[in-house]
Structure formats: C-alpha cells, structure tokens
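The values are calculated or read from the model by the stated rules, or taken from the named source; none is laboratory data. The model shown is predicted, which means the values in this text are computed figures rather than measured ones. Note that each Cβ is placed from the backbone with ideal geometry, even for glycine, and that neighbours are counted across all protein chains shown.
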Amino acid sequence: MSTYILAIDQGTTSSRALVFDASGNQLGVGQQEFTQHFPDNGWVEHDAEEIWGTTLASCRAALEATGITGADLACIGITNQRETTVVWDKATGKPIHHAIVWQDRRTSDYCTELKQKAGLVEKIQDKTGLLLDSYFSATKIRWILNAVPGARARAANGELAFGTIDSWLLWQLTGGQSHCTDATNASRTMLFNIQEQCWDEELMALFDVPAAILPEVKDCAADFGLSQASLFGSAVPITGMIGDQQSAAFGQGCFGAGMAKSTYGTGCFLLLNTGEVMLKSSNQLLSTIAYRLNGQTVYAIEGSIFMAGATMQWIRDGLKLIDDAAESGALAEATPDNLSVYLVPAFTGLGAPYWDPNARGALLGMTRDTGIKEIVTAGLMSVCYQTRDLVEAIAADGAVLSTLRVDGGMVKNNYVLQKLADVLDAEVHRPEIIETTALGAAYMAGLQLGLFSSLEEISEKWQLQQAFKPAKDASWREQQYQGWQDAVARTRSQG
Ligand code: ADP
C-alpha cells in the first residue's frame, strides 16, 4: 500500500519538496532557489513558470533521494508563500505576466486612495479580516488585468485564471484539470469573505475582479485532483493545501483556542488560534483562517515582524561584526542582562502592530563601553521585544497567550528563546521538529486519506525538545520593555 506523503513547500526564495512517511517522519528533501525580479522601486516579481519548474525538480529530487517512486506516494500536500498573484491563460497554461509577490508595493498608492473612502477600511476588515494594503492579492490582480493589453476582456470571457501559488501549482500538477484553492489561501486575497466563506461580490466589484477568473475554494483537506501520471510515473491524489504560516501552526499542533506559534526565519510570523470566533483586531493585527476541515472554520489572529533573523544577517554581512549567526548566542551570554542599548530594526519600516512604513532603524543608548557584544545582543533582544509588541496587541484584542511554540532557523539560539520567555513572561516551547511548515501540509494531505485519523492523533505526535521558562522578575521585565518602547518611539515617522 502507498503510504508516503510528498509535501511541497513553495517559498518566497526557494521551492522545496519533502517526503514523509505515514508517521510524519521526514525521509528526504529536494530544494531549488529561483530568481527574484525587481523591475522597479518597491516592485518584486517571480516567473511563475520558474516556480513550477523548480517545484517539479525539487519533487523529483526528493523522490530520488529517498528511492520512493510515484507509485509509493499516497498523496501530495501543498503549502506556499501566500498572497503572491498569478494570472494565466487557461488554454495554454502560460502566465500572462510575472507573478506579483506579496512584498510588492506597486499598488500602495491605489490603496492609500481607497482608504479615503468613508467606511471602506472597516468594511474590508469586517469581511476579510485584513487591513486594506497592497500586500494582499486583490489590488495585484487588478493591476495585471489593467496592465496587460486585452486581459480584461479575456478575463470576463473566462479565458484567464487567477491563483495564488497553491492554485498555480495545482493547475500545473493536474495538467489544467483543477482550478481550486483552499480557505486559508483564499483568506489572503482580500476578496474572500471569511465570515460567510465565499468570494465577496462587493469586493470583486470594488477591485474589478471578475468571478470567472477565481478558483473554487475548498477545505484544506479535500480532493483537489490527480497529478498527471507523466510527472512522477503514476497519478497521485493532491489532498491537502494550506498557506505557509497556517501550515506551520498546523504542523505545530496549534488546534485549540489560545495556542500560538511563532516562526523565526528572515522575519517572524505569530499566529494565535482563536477557535471558531473571528476576533476583530483593534490593534492592526490580521484575522485570518487558521484552517477549514469538514466545512468547519477555525480562525487565527496574526501579527508579523519584518526583521528577525534578517537583523542577524545585517550584523553579519552589513556590519561584519560576526562571521556566523551562530556566534551570536555566546556573545549575548557574556553580556549583562540589564542592557540599555536597543537596536530597533525598522530598516524597511515597522510591521505589526505599528504598520509604519516610513519608520527607520536606530541603535540607541550607547555608551563608551558599548562594543560588538552589546550590539549583537541588542539585535537578538529586538526579536524578543518585537514579539512582546505583538503579544501586547493580541492581549489588547482580548486573546490570551499562555505558551508559545516556536520554529524557524533562529530558534536554534537558546539565548533568544530564554529571553523570549523572560520578556513575555510566558513559556516558550521548542519542538523536536522545527521544519513545521512542510509537516503541516503533509498532515493535511494525510488527514484526507485517513493516514492520520484525527487532530488528536496529530497533537500526540508533537514532541517537546526543550521548554524555556520565565526566569526574570516583573521589575526587570517592565524596565527593559519600557526602554524598548522609548527606543521604538524615537524611530516612528511623523505621519
Ligand atoms: P527563511 O526560511 O526565512 O529563509 P530560516 O528559517 O532558514 O529563514 O532561518 C534563517 C535565519 O535565521 C537567518 O536570518 C539567520 O540569520 C537566522 N539564524 C540562524 N541561526 C541563528 C542563530 N544561531 N542565532 C540567531 N539567528 C540565527
């Protein structure tokens, strides 16, 4: 019997594929980077065909590395960079324009213009859980349909298809048989009503997006179609799709209300499960779909930070203070705990809960004895303080975080996790498997086929590697955090 699962993890800088067995053990991986295109200031594009090519090559490499064939595969799960927008020709399967990446700011002036319309920001938040921002797909689709000659008429005629990367990969895998997405990816388009679980006609009219180009929205575990037999030697059912941050939360077993995960890679994304309640944020966080199974929607509240591990890259490559990010822990351990040097890494503005694109970075509080280890430590501490900012905003919105499950490349750093527990006054749990994004997609695909019987069974697979408990008193915590807040205030833009 075929019991292996192929999980596709299509990210912003590389495409990856991982083979898992039916117990959730990772057996092998294939990975390929692809080209980033920056055609103008603030513009970021990907070639969707290159995304597909690198994904297929990664799948084949993962299979080859494990000696597993298409016939041994029970199913495929897809997780992906979210919001990135592709429009393609249904007849040829060719994109009509490069994909516009989530980071791309080309439609931000248009969003600023829309914000002037009375009540629109609130309406969009009520319906989609999102802030009116160029980050999400809606204004990117509109831009492509306006920019490519003839595209609007062809879209209205049903000749074109829109998809986020999950839908694009599904179309390619199934040879154009399936034009679907899942509820989590749909929830990032700014066109999907997350309360009513449908494409929203009012928003489609507002953003000039015709119904004919939109994919069908399914649960995260569903029958999405069969891969073409020519790709892996036999047709394999695609049975799971989920956006990357939601997938990491799922892989971390965050199934109960109040459970949260934070992924520390280049940036940081924190998702807290709010159960069957869509919590509307008054503090510039996003409400989003955590997952949808058997028609039941579970919601999450989400906050993101632009610079987490990237601050260490800047200290390493920009300032050349260290040769390797791994050196940072030992330097920080040798630095006193009551450090009053603060690094606010607002290099590209500040993310949640400030959303201040014009803020800029600063290093504050230096004295004559400030040296490399203080600056490195301030860089690591900035990740903890920024997480506290998110947790404070979540608390102000009425949700409570008790324990934080962490993953991503930066969580190898014990110093960061201990200080995170100290700054948050909450336990921080690092699991055995920190590759949780691909794992979430594998679980999702396996659930549909019954390889995993329930969420309880998946919960039991989660294994604690180390718990970090708060070890500092309240006066330390508040004094240090006050210093951070003062530092952030000095980096804020005026308008
Ligand atoms: P992404 O998936 O966003 O590319 P990863 O999850 O692979 O990122 O994490 C890589 C990031 O983690 C890098 O930005 C790197 O600077 C940071 N990092 C890796 N190891 C450490 C460490 N020991 N201490 C601090 N930061 C680290």
Expected single match for hydrophobic (A, V, I, L, M, F, W, C) and at pLDDT below 95 among Ala362, Ala325, Ala330, Ala378 is Ala325
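Which one of Gly446, Gly450, Gly398, Gly440 is away from the ligand (no atom under 16 Å from the Cβ) and within 22 Å of Glu276 (Cα to Cα)? Please lay out each step first, then the result.
Values: Gly446 fails: within 22 Å of Glu276 (Cα to Cα); Gly450 fails: within 22 Å of Glu276 (Cα to Cα); Gly440 fails: away from the ligand (no atom under 16 Å from the Cβ).
Matching residue, one of Gly446, Gly450, Gly398, Gly440: Gly398.
Does Gly258 qualify as being surrounded by fewer than 24 Cβ atoms within 10 Å (Cβ to Cβ), assigned to a loop (DSSP other than H, G, I, E, B) and either of a type outside the set (Asp, Glu) or in contact with a Cys (Cβ under 9 Å, 6 or more places away or on another chain) (or both)? It would help to see each step written out before you state the result.
On the way: surrounded by fewer than 24 Cβ atoms within 10 Å (Cβ to Cβ): yes; assigned to a loop (DSSP other than H, G, I, E, B): yes; either of a type outside the set (Asp, Glu) or in contact with a Cys (Cβ under 9 Å, 6 or more places away or on another chain) (or both): yes.
In short, yes.
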Just to verify a result, which residue in segment 101-146, among those that are over 14 Å from Arg188 (Cα atoms) and crowded, with 18+ Cβ neighbours inside 10 Å, is modelled with the lowest pLDDT?
Asp104
Conditions first: (1) within 12 Å of the ligand (Cβ to nearest atom); (2) among the aliphatic types (A, V, I, L, M); (3) under 20 Å from the mean Cα position of the chain (by Cα). Ile322 passes all but one, so which condition is the exception?
(3)
From the list Val400, Val344, pick out the single residue that is within 24 Å of Ser493 (Cβ to Cβ) and not acidic (Asp, Glu).
Val344
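Examine segment 141-150 for a residue that is of a type in the set (Phe, Trp, Tyr) and in contact with a Leu (Cβ under 9 Å, 6 or more places away or on another chain), and state whether such a residue exists. First the steps, then the outcome.
If we filter segment 141-150 for residues that are of a type in the set (Phe, Trp, Tyr), which is where we start, we get 143.
From what is left, the residues that are in contact with a Leu (Cβ under 9 Å, 6 or more places away or on another chain) are none.
No: segment 141-150 contains no residue that is of a type in the set (Phe, Trp, Tyr) and in contact with a Leu (Cβ under 9 Å, 6 or more places away or on another chain).
I'd like the full set of residues that are in a helix (DSSP H, G or I) and closer than 21 Å to Asp47 by Cβ, limited to segment 156-202. Let's see the steps before the verdict.
From segment 156-202, those in a helix (DSSP H, G or I) are 156, 165-173, 183-186, 201-202; that's our starting set.
Correct list: Ile165, Asp166, Ser167, Trp168, Leu169, Leu170, Trp171, Gln172, Leu173, Asn185.
For Gly11, state whether it is at pLDDT 95 or above, assigned by TED's automatic domain parsing to the domain that holds Asp182 and not hydrophobic (A, V, I, L, M, F, W, C).
Details: at pLDDT 95 or above: no; assigned by TED's automatic domain parsing to the domain that holds Asp182: yes; not hydrophobic (A, V, I, L, M, F, W, C): yes.
No; evaluated as a whole, the condition is false for this residue.
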Is it the case that segment 419-431 has a residue that's closer than 23 Å to Ile8 by Cβ and either within 16 Å of the ligand (Cβ to nearest atom) or buried (at least 19 other Cβ atoms within 10 Å of the Cβ) (or both)?
yes
Quick check: is even one residue across segment 217-238 aromatic (Phe, Trp, Tyr) and surrounded by 23 or more Cβ atoms within 10 Å (Cβ to Cβ)?
yes
Please indicate, with yes or no, whether at least one residue in segment 311-331 is of a type in the set (Gly, Ala, Ser) and either outside any helix (DSSP H, G or I) or touching a strand residue (DSSP E or B) at 6+ places or on another chain (Cβ under 9 Å) (or both).
no
Matching entry among Asp47, Asp109, Asp72 (being in the same structural domain as Ala235 (by TED's automatic domain parsing), free of Cβ contacts under 8 Å to residues at least 40 places away in the same chain and out of contact with any helix residue (DSSP H, G or I) (no Cβ under 8 Å at 6 or more places or on another chain))
Asp109
Mind checking whether some residue in segment 288-303 is of a type in the set (A, V, I, L, M) and either without any contact (Cβ under 8 Å) to a residue 40 or more places away in the chain or farther than 30 Å from Gly450 by Cα (or both)?
no
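State all residues of segment 237-259 that are of a type in the set (Gly, Ala, Ser) and at pLDDT below 95; if no residue qualifies, say none. Before you say what the answer is, go through the steps one by one.
As a first pass, look at segment 237-259 and keep what is of a type in the set (Gly, Ala, Ser): 240, 243, 247-249, 251, 253, 256-258.
Matches in segment 237-259: Gly256, Ala257, Gly258.
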What number of residues within segment 12-43 are assigned to a loop (DSSP other than H, G, I, E, B), within 15 Å of the ligand (Cβ to nearest atom) and either out of contact with any helix residue (DSSP H, G or I) (no Cβ under 7 Å at 6 or more places or on another chain) or of a type in the set (Lys, Arg) (or both)?
3
Taking the condition of being within 22 Å of Asp317 (Cβ to Cβ), more than 16 Å from the ligand (Cβ to nearest atom) and basic (Lys, Arg), how many residues in segment 343-383 meet it?
1
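The rows are residues; the columns are (1) in a strand (DSSP E or B); (2) over 25 Å from the mean Cα position of the chain (by Cα).
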residue: Val87; (1), (2): yes, no
residue: Trp102; (1), (2): no, no
residue: Cys111; (1), (2): no, no
residue: Leu114; (1), (2): no, yes
residue: Tyr135; (1), (2): no, no
